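> One structure is given below, represented as structure tokens, and several questions about it will come after.
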Amino acid sequence: MVEFYSGYALRERAICDLFTSTFSDSEGPEEGAVIGGFVNDMMNTTPNQDLFVWSAYDDEDLIGCIFFSRLVFEQDDRVVFIMSPVAVKTDRQGTGIGQELIGHGLSDLRQKGIDFVATYGDPKYYCKTGFRQITEEFAQAPLKLSFPEGWLGQSLSGAREQPLLGASCCVPALNKPELW
Ligand SMILES: CC(C)(COP(=O)(O)OP(=O)(O)OC[C@H]1O[C@@H](n2cnc3c(N)ncnc32)[C@H](O)[C@@H]1OP(=O)(O)O)[C@@H](O)C(=O)NCCC(=O)NCCS
């Protein structure tokens with residue numbers, strides 16, 4: 001049975017290995033190493049209050065994981081997080097685990113009072129879980145987007161969506177042009 005947990009303490013190595021192998025399978029070993037290094041940085045350099053991680057386990061086996069980190073809009077008082085990255089073990093993909101992980105993460109953030117969640121990826125996939133394409137007039141990305149069609153977001157507070165004001169700033173691990 002698949003179970004979902006928040007947090008990553010004592011699981012850092014398994015989480016890095018999951019991202020490295022999943023992205024090596026889907027994008028090649030170079031990308032696998034980049035994403036493995038990225039999640040390692042995320043866990044080692046991000047203050048606790050700026051990072052939420054959810055994982056899926058089948059018994060002791062880590063089969064999926066998702067990261068949410070703080071995105072600060074300095075001129076806006078709303079609390080914003082960005083969902084990135086997410087991986088589901090290659091041989092378990094396409095069975096709903098990714099969408100369940102996103103669902104657990106989003107309802108946790110909603111309970112914590114987070115107002116808005118952004119992400120950057122394939123709109124066809126993420127629009128299944130409530131994301132919609134957004135423009136940089138609506139929410140400025142922290143770095144230059146190489147794929148502006150992949151800039152996505154959703155409100156968690158139910159309030160009518162107003163553009164997020166001013167420039168945004170991501171956590172240091174995400175502050176790398178090659179990730180955007
Ligand atoms: C992308 C990923 C997280 C999705 O998780 P998953 O558990 O395989 O997906 P789910 O089973 O929840 O959802 C399956 C649905 O999404 C679609 N889907 C899955 N991956 C997709 C992708 N990359 N692009 C578009 N659609 C995708 C499937 O076609 C399926 O659609 P259906 O429900 O209409 O049949 C997973 O496939 C993965 O880890 N891929 C490699 C790493 C990656 O690309 N991560 C995302 C970028 S950070």
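The values are calculated or read from the model by the stated rules, or taken from the named source; none is laboratory data. Not measured: the values here are computed from a predicted model. Here Cβ is always computed from backbone atoms with ideal geometry, including for glycine, and neighbour counts include all displayed protein chains. Heavy atoms of the whole protein, side chains included, go into the accessibility calculation; ligands, DNA and RNA do not. Shrake-Rupley method; radii C 1.70, N 1.55, O 1.52, S 1.80 Å.
> Mind telling me which of the residues Glu149, Glu178 ends up being of a type in the set (D, E, K, R) and over 28 Å from Cys16 (Cβ atoms)? If you could, list the steps in order and put the result at the bottom.
Working: Glu178 fails: over 28 Å from Cys16 (Cβ atoms).
Glu149 is the lone residue from the list that is of a type in the set (D, E, K, R) and over 28 Å from Cys16 (Cβ atoms).
> Then there is this: Mind listing whichever residues of the range 18-54 are assigned to a strand (DSSP E or B) and in contact with a helix residue (DSSP H, G or I) (Cβ under 7 Å, 6 or more places away or on another chain)? Working first, answer last.
The first filter runs over the range 18-54 and keeps only residues assigned to a strand (DSSP E or B), leaving 51-54.
Residues satisfying the conditions are Leu51, Phe52, Trp54.
> Output the number of the condition that Thr119 fails; it satisfies all remaining conditions of (1) in contact with a helix residue (DSSP H, G or I) (Cβ under 6 Å, 6 or more places away or on another chain); (2) over 21 Å from Ser6 (Cα atoms).
Result: Thr119 passes all but (2).
> Could you tell me how many of the residues in the range 150-174 are touching a Pro at 6+ places or on another chain (Cβ under 7 Å) and part of a loop (DSSP other than H, G, I, E, B)?
1
> State yes or no: is Thr20 open to solvent by 40 Å² or more (accessible area, probe 1.4 Å), among the hydroxyl-bearing types (Ser, Thr, Tyr), more than 9 Å from the ligand (Cβ to nearest atom) and over 30 Å from Gly166 (Cβ atoms)? Before you say what the answer is, go through the steps one by one.
On the way: open to solvent by 40 Å² or more (accessible area, probe 1.4 Å): yes; among the hydroxyl-bearing types (Ser, Thr, Tyr): yes; more than 9 Å from the ligand (Cβ to nearest atom): yes; over 30 Å from Gly166 (Cβ atoms): yes.
Yes; evaluated as a whole, the condition is true for this residue.
Rundown of residues vs (1) small (Gly, Ala, Ser); (2) within 14 Å of the ligand (Cβ to nearest atom); (3) closer than 19 Å to Pro142 by Cβ; (4) touching a His at 6+ places or on another chain (Cβ under 9 Å), yes/no style:
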position: Asp25; (1), (2), (3), (4): no, yes, no, no
position: Asp77; (1), (2), (3), (4): no, no, yes, no
position: Pro85; (1), (2), (3), (4): no, yes, yes, no
position: Gly94; (1), (2), (3), (4): yes, yes, no, no
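> Still on this structure: Take Ala14 and tell me if it is within 16 Å of the ligand (Cβ to nearest atom), modelled with pLDDT of 95 or more, open to solvent by 20 Å² or more (accessible area, probe 1.4 Å) and aliphatic (A, V, I, L, M). Reasoning before the result, please.
On the way: within 16 Å of the ligand (Cβ to nearest atom): yes; modelled with pLDDT of 95 or more: yes; open to solvent by 20 Å² or more (accessible area, probe 1.4 Å): yes; aliphatic (A, V, I, L, M): yes.
Here the answer is yes, as Ala14 does meet what is asked.
> Which one of the conditions (1) more than 26 Å from Asn48 (Cα to Cα); (2) open to solvent by 50 Å² or more (accessible area, probe 1.4 Å); (3) in a loop (DSSP other than H, G, I, E, B) does Phe138 fail to meet, given that it meets all the rest?
(2)
> Here's something else I'd like to know. How about the range 62-75: which of its residues are more than 16 Å from the ligand (Cβ to nearest atom) and out of contact with any Ser or Thr (no Cβ under 7 Å at 6 or more places or on another chain)?
Looking only at the range 62-75, we keep the residues that are more than 16 Å from the ligand (Cβ to nearest atom), and these are 70, 72-75.
Correct list: Arg70, Glu74, Gln75.
> Take the residues of the range 45-69 that are out of contact with any Phe, Trp or Tyr (no Cβ under 9 Å at 6 or more places or on another chain), over 18 Å from Ile82 (Cβ atoms) and touching a residue at least 40 places away in the same chain (Cβ under 8 Å): which is most open to solvent (accessible area, probe 1.4 Å)?
By that ranking, first place goes to Asp58.
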